[in-house]
Every structure is written in structure tokens, then in C-alpha cells.
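First the structure, in the form of C-alpha cells, and then the observations on it.
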């Protein structure tokens with residue numbers, strides 16, 4: 001079973017996505033900001049197969065979280081998707097420069113999220129493809 005680390009400060013989004021991802025057969029770990037996401041990564045016995053993170057969060061936003069993940073030799077290869085309601089701006093260029101695998105604007109349809117997850121895994125090594 002593939003594991004997804006979901007990091008978002010909106011409990012409604014977390015509840016919805018966790019339910020949908022569980023129904024699709026994923027194990028989901030959740031955090032409320034980048035700091036919690038990093039703590040979950042450090043404490044996990046096995047690293048997640050994918051990270052989905054909101055952009056705007058307190059304490060540590062999604063870009064800073066992405067930067068920490070990409071700087072870590074242990075975690076840098078984990079595919080990373082940023083979701084946000086923020087308009088297109090400089091942060092998207094920064095995210096691309098830091099190695100984000102995909103960016104998904106909110107609101108989004110669940111089928112678009114599923115397709116994005118599968119596309120990110122196809123771009124990688126293909127070992128995590130899940131339908």
C-alpha cells in the first residue's frame with residue numbers, strides 16, 4: 001500500500017482528501033504545516049511514497065517545506081505536489097526551481113488529483129503507480 005503524507009492547515013480539506021485517498025487504497029499521514037510534515041518524515045519508519053502539501057500554512061509554508069525536503073538526501077526523491085488557492089505568481093517559479101513535481105490549483109476535482117498523482121509517479125520510477 002502506498003503512503004501519502006498530506007500537509008494542510010485546513011481541517012476540512014484534510015478530512016476530505018484523507019477520506020478520498022483512503023478509499024483509493026492509500027495510507028495517509030497528515031500534518032497541519034511544514035514543521036509537522038518534517039517531524040512526520042523524520043519519525044516515520046518508512047518514507048512516504050508521495051507528499052501533497054498546501055502552499056499557505058502557518059509556521060512553515062509549503063515552499064519552505066518543499067525546500068527542506070529537497071535538501072534532505074533521505075527525502076529529496078519523494079514526489080511532491082503543492083496545492084493552493086493562491087494566484088499564479090513568483091512562488092510557482094520558486095516551486096519549480098526547488099523541484100516540485102506538480103502544482104494543483106484549488107479548488108480541484110478529485111479525479112484531477114488522482115490523475116496528477118498517477119502522472120507524478122509515471123514521471124518518476126513508476127514503482128508507485130496506483131489506480
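The values are calculated or read from the model by the stated rules, or taken from the named source; none is laboratory data. No experiment lies behind these values; they were computed from the predicted model shown. Reconstructed Cβ throughout: ideal geometry from the backbone, glycine too, with neighbour counts over all protein chains shown.
Numbers below:
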read-out	value
Count - residues of the stretch 1-18 that are under 16 Å from residue 56 (Cα atoms) and assigned to a loop (DSSP other than H, G, I, E, B)	3
Index of the failed condition, residue 121 passing every other in (1) out of contact with any helix residue (DSSP H, G or I) (no Cβ under 7 Å at 6 or more places or on another chain); (2) within 19 Å of residue 13 (Cβ to Cβ); (3) at pLDDT below 90	(2)
Criterion (touching a strand residue (DSSP E or B) at 6+ places or on another chain (Cβ under 9 Å), touching a residue at least 40 places away in the same chain (Cβ under 8 Å) and within 24 Å of residue 11 (Cβ to Cβ)) met by exactly one of 31, 62	62
Number of positions in the stretch 42-77 that are surrounded by fewer than 19 Cβ atoms within 10 Å (Cβ to Cβ), closer than 14 Å to residue 3 by Cα and touching a helix residue (DSSP H, G or I) at 6+ places or on another chain (Cβ under 9 Å)	1
Given (1) modelled with pLDDT under 95; (2) under 10 Å from the mean Cα position of the chain (by Cα); (3) farther than 22 Å from residue 111 by Cβ, index of the condition residue 54 fails	(3)
Every residue from the stretch 106-121 that is surrounded by fewer than 18 Cβ atoms within 10 Å (Cβ to Cβ) and within 25 Å of residue 71 (Cα to Cα)	118, 119
